[in-house]
1. Longer than 22 Å from Cα to Cα, which of A:Lys28/A:Lys84; B:Lys291/B:Lys324; A:Lys84/B:Lys287; A:Lys89/B:Lys291; A:Lys48/A:Lys89; A:Lys84/A:Lys142 are they? Say none if no pair is.
2. Please rank B:Val27, B:Val10, fewest neighbouring Cβ atoms within 10 Å first, as an exposure proxy.
3. Running a GNM on chain A with Cα contacts under 10 Å, which residue among A:Pro128, A:Pro16, A:Pro88 ends up with the highest mean-square fluctuation?
4. Pop out the ³J(HN,Hα) list for the range B:40-57 in order, Karplus 6.51 cos²θ - 1.76 cosθ + 1.60 with θ = phi - 60°, rounded to Hz; leave Gly and Pro as x.
5. May I ask for the distance between the Cα centers of the range B:101-117 and the range A:83-154, given as a whole number of Å?
6. What relative contact order, as a whole-number percentage, does the range B:48-354 give when Cα pairs under 8 Å and 6 or more residues apart are counted?
7. Provide the percentage of antiparallel DSSP beta bridges, counting only those with both residues in the protein assembly as shown; round to the nearest 5.
8. Just to be sure I understand the model, the point goes 7 Å from the Cα along the line to the Cβ. What's the resulting A:Asp77 to A:Ala65 distance in nm?
Amino acid sequence: MSEAETLVAQLVATFPALTGHVTVQRAKRVWIDVDRQAFPEVFRRLAKDLGFEVFCMITGLDEGADLGLIYHLARNDGLMANVKTRCPKGESMQTITSIFPGGGIYERELIDLLGAHIEGLPEGPRYPLPDNWPKDEHPLLKDWRPRDKGAKDA
Amino acid sequence: MPDKKRTVRVPIGPQHPALKEPESFMVDLQGEKISSVALRLGYNHRGIEKGCEERTYMQDLYLVERVCGICSHSHATAFIQAVEEIAGLEIPRRAKYIRTLIAELERVHSHLLWLGVAGHEIGFDTLLMYSWRDRELVMDLFAELTGNRVNYAMNTLGGVRRDIAAEQVPHIQKIVDALEERTKYYIELAMTEETLAQRLSGVGYLSKEDAIRLGAVGPTSRASGADRDTRRDDPYAAYDELDFKVITDDHCDVFGRTVVRLGELMQSYSMIRQILKQMPEGPIAVKAPLKIPAGEAVSRYEAPRGEDVHYVRANGTDRPERVKVRAPTLANTQSVAKMLEDGYLADLPIVVAAIDPCFSCTDRTIAVQGNGDSKTMGWEELVRYGVRWYRDRGVDPSRIKVRGDGLA
């Protein structure tokens, strides 16, 4: 059994609901699709018990009514687990900084660029937009247009 | 006397606190020692991810190459690997070798650049002059192999754009030989020169636990004993066919980061020689579609500063739905605050420089404005212009003697 297949078996054994939601894309890439309620437990298990101690980044996606979130984790043997979940726009995700203290900057990026709400994130400066950028404008949302361009279009 | 120490808050930056790169530090000081640091980043945010969604994959390849002026090939390769994975393209082996060759040459120029910057930050400008002189050999080689000293544009969807001719190989070997000899000298210097060791030892301490906890990558994490390297752990391009060692060190300080980068230079020379010897014959690219089928992929790449991670989601058109870029400096800045804590304020420049944050390089042709007309110069002409400019001001570059075989 390959490393990736072993991981699938381990996850499904602990979380039967994940059956059919863990896919092996290639030898070093595993994708895990998990709903928002089960996400914290699955994420914690990967990071704390299954050796995924390398936190790579979070990708945020504008998927219409939801924000798609992919948490990219890796292990020292090179296996990468990409944990996908969805959060309805306007609702909150829990911070991951209790597990990965360095992860805060990626969560701030989600807040600035996609308007995500992150619960429990320690206070700190925004990232990456300037301090005077309007709080309700999130450039990576698909319907966002630069103000000047929008005015011209209208 | 009350023993309560007064905390003084000093804002440093964003205008180039250590390197020519904007970032801001809010430093709390107790006497000369730093008690805490808050970082503010984002001054260089250019909206490249959003820009990628509005351009075709081929245009994006050139855009992501400009994420960084030093490790441009790294970002371009990380991006194109993800697109190729979604499209199901298997690139020719020769293309993989050429990508790897450019990648290792890029590591050489980047590490030599860092060595110079580190020398400069500790007042050892001779080291800056030496290592940047040597780095010119690689930069000129890039111009010869790719047409550009920076932003080489070597990649294309499905392979590479330029082949390496058989007659270029001896020249690459000659340059690698020269650089190896000089790197050996720098290693001897680092190991025996007491002032260097004293200035760098114990400075910017980052324990292995903290490096892992805070997500440090590349030479910064390897100098804290974390045995990680994407080239070995999750191989891409031709790395699975090369023999190399991952250099680690357990000093956990700026001295360790120097030792790791110097060791990596030696590994790069060895890899380049293997590439030149083993490079298979054959085509350098396969035909690629303009429209990429719907799908997603994550690509990892060991850039000189640490791991680049690119995520691409395709939607079946000629433009990506989403491109996400994680550059290694973002990962490493999380550790900088920790490295600075309990250190001296005077160490701030070298500690920040020691993670090797990224900044831009310049172009190789210039337009000279004068009397209303402008003129574009080629490389040879630009060199002659530079020599003339200095000579007119009383400096004769031809009188400067360079040790070695005169390649510089």
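1. Details: A:Lys28/A:Lys84 17 Å; B:Lys291/B:Lys324 19 Å; A:Lys84/B:Lys287 32 Å; A:Lys89/B:Lys291 30 Å; A:Lys48/A:Lys89 29 Å; A:Lys84/A:Lys142 19 Å.
In this structure, A:Lys84/B:Lys287; A:Lys89/B:Lys291; A:Lys48/A:Lys89 exceed 22 Å between Cα atoms.
2. On the way: B:Val27 20, B:Val10 12.
Ascending Cβ contact count within 10 Å gives the list B:Val10, B:Val27.
3. Result: A:Pro16 has the largest fluctuation of those listed.
4. Listing the rounded values in order: 10, 10, x, 5, 10, 5, 10, x, 5, 4, 5, x, 5, 5, 9, 10, 6, 4 Hz.
5. 35 Å
6. Numbers: 542 pairs, mean separation 85.5, N = 307.
It comes to 28 percent, rounded to a whole number.
7. 90 percent
8. Result: 4.1 nm between the two label points.
Laboratory data are not the source of any read-out in this text; all were calculated from the coordinates shown. Computed from a predicted model, the values in this text were never measured in an experiment. When we count neighbours, we look across all protein chains shown, and the Cβ atoms used for this are built from the backbone with ideal geometry, even at glycine.
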